[in-house]
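Input: a single structure, listed below in structure tokens.
Bear in mind these aren't lab numbers, they're just calculated from the coordinates by the rules spelled out. Keep in mind the model is a prediction, meaning the values are calculated, not measured.
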């Protein structure tokens, strides 16, 4: 279940804001972490950059396993076994 957190931050002269602690905690953001801001339809979505990168990777890879003939765990295990056998033969 998604919980809703509503908080606010003041924009400083250089455009900087301090993310409220409850938002940082929810996004698992700590000092030095990077965040990604996505603007769409008049709204800004803020997310942990590592999480955003994984979302983009997952979206790009969607359906690729099936295209490669990897549809079951057995298919994956067979591919791994074949690759290991090739490596041993090198």
Once you've got the GNM for the chain with C-alpha springs shorter than 10 Å, pick whichever of 51, 35, 11 has the biggest mean-square fluctuation.
11
Explain nothing, just the number: relative contact order of the chain, from Cα pairs under 8 Å at least 6 residues apart, as a whole percent.
13 percent
Using only helices, what value at 222 nm comes out for the chain when you add -39,500 (n - 2.57) per DSSP H run of length 4 or more and divide by the total residues, to the nearest 500 deg cm²/dmol?
-13500 deg cm²/dmol
Which entry in [x] 79; [y] 88; [z] 207 matches volume of the Cα convex hull per residue in Å³ derived from the coordinates of this structure?
[z]
Prolate/oblate/rounded call for segment 21-63, Cα gyration tensor, a/c under 1.5 rounded
oblate
